[in-house]
Amino acid sequence: MIVIVFFSVLISLISPFWGLIFIMTVGVKYQYQPYRIRFYTAMIFVLLLFLLGRIINIISFSDILVGVILSAFVFFMVFSRTLEYLRAILTAGFINLVYSALRQAAFGKLFLENINQIFDLYLETLRETTADNINRLAFIQEAVESVRDIITNFFPGIWVFTIIVALYLGALLLSRRSQMKWKHKYIRLPFFLIYLLLPVLVLMLFPATRIAGFNGALMLLPVFLIQGISLIDFYWGAYFHRTRLLLIVFVLALVFNPYLVLLLTLFGLFDIWFDFRKINKREEIDENHPD
């Protein structure tokens, strides 16, 4: 267990996204009693050692503590009680939504200073190495400044988006190895998520609240995307299972084509309203005809 704990913390230091997936797959055997408490206690202890040794700062410490350790703990706790992958993802995702707001309030200034310091150092190095090519330097500087603006303005949304995607991928991999299979093609999001989307859209209309609105949209996007992918699985999942090449092409298209991501997100959103797969009717039939 100690080896898995150490690698869980080490990978989380590099990327909370991959650290969370690592725990949900490689470390899955320690997610149930009597190992669960020991596993996470050991992770927190190692993480504290890194903090006290000044290997990481307080922001990285809190990110791993909540985004990886607490997220994985809550996911497996909810899943062990309900046996519902989607509910476990949404519960852990909501915790990160709250954390992203608290993080911005508590560490926003420090985070901004750290980001500016990193980008200023990079730009200074860039000027020294590409001083002879003014046009190229100007182009790269503009691109770097755009990335800086995106990170500083939309990090709360990016954080929640990243953690929910990690939870989703981790759940898919967990389902493949578990006896409790995820009926992925029948995913049905609760309708109340629409009521969360409406104020987000209103915030996006006004310049003073537009950044907050876009952050909210980024937080909700992966949730509707999950239902959109489930819709694809319902109608074309059999083809993907028979032809792995099609599945690989689909995954690559999701990674490199933002328009496809947006389209699937809209499909997932509209499916909540129109129930394209008629899941509600299927559930009613099953209830009326249990045999």
Since residue 14 meets every condition but one in (1) over 14 Å from the mean Cα position of the chain (by Cα); (2) closer than 18 Å to residue 169 by Cβ; (3) surrounded by 14 or more Cβ atoms within 10 Å (Cβ to Cβ); (4) not hydroxyl-bearing (Ser, Thr, Tyr), which condition does it not meet?
(3)
Please identify the pairs in which a residue from segment 107-129 that is touching a residue at least 12 places away in the same chain (Cβ under 8 Å) has its Cβ atom under 9 Å from the Cβ atom of a residue that is among the acidic types (Asp, Glu) and in a helix (DSSP H, G or I), counting only partners at least 6 apart or on another chain.
119/145; 123/145
Can you tell me which of (1) exposed (fewer than 15 other Cβ atoms within 10 Å of the Cβ); (2) in contact (Cβ under 8 Å) with a residue 12 or more places away in the chain; (3) farther than 25 Å from residue 67 by Cα is the one residue 196 doesn't meet?
(3)
Restricting to segment 50-61, what's the tally of residues that are in contact with a Leu (Cβ under 9 Å, 6 or more places away or on another chain) and assigned to a helix (DSSP H, G or I)?
5
Taking segment 205-245 on its own, how many of its residues are without any contact (Cβ under 8 Å) to a residue 60 or more places away in the chain and under 19 Å from the mean Cα position of the chain (by Cα)?
10
Is there a residue being small (Gly, Ala, Ser), free of Cβ contacts under 8 Å to residues at least 12 places away in the same chain and part of a helix (DSSP H, G or I) anywhere in segment 78-95?
no
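Only the coordinates and a few stated rules stand behind these numbers; no lab work does. Keep in mind it's a predicted model, so treat the numbers as computed, not measured. Here Cβ is always computed from backbone atoms with ideal geometry, including for glycine, and neighbour counts include all displayed protein chains.
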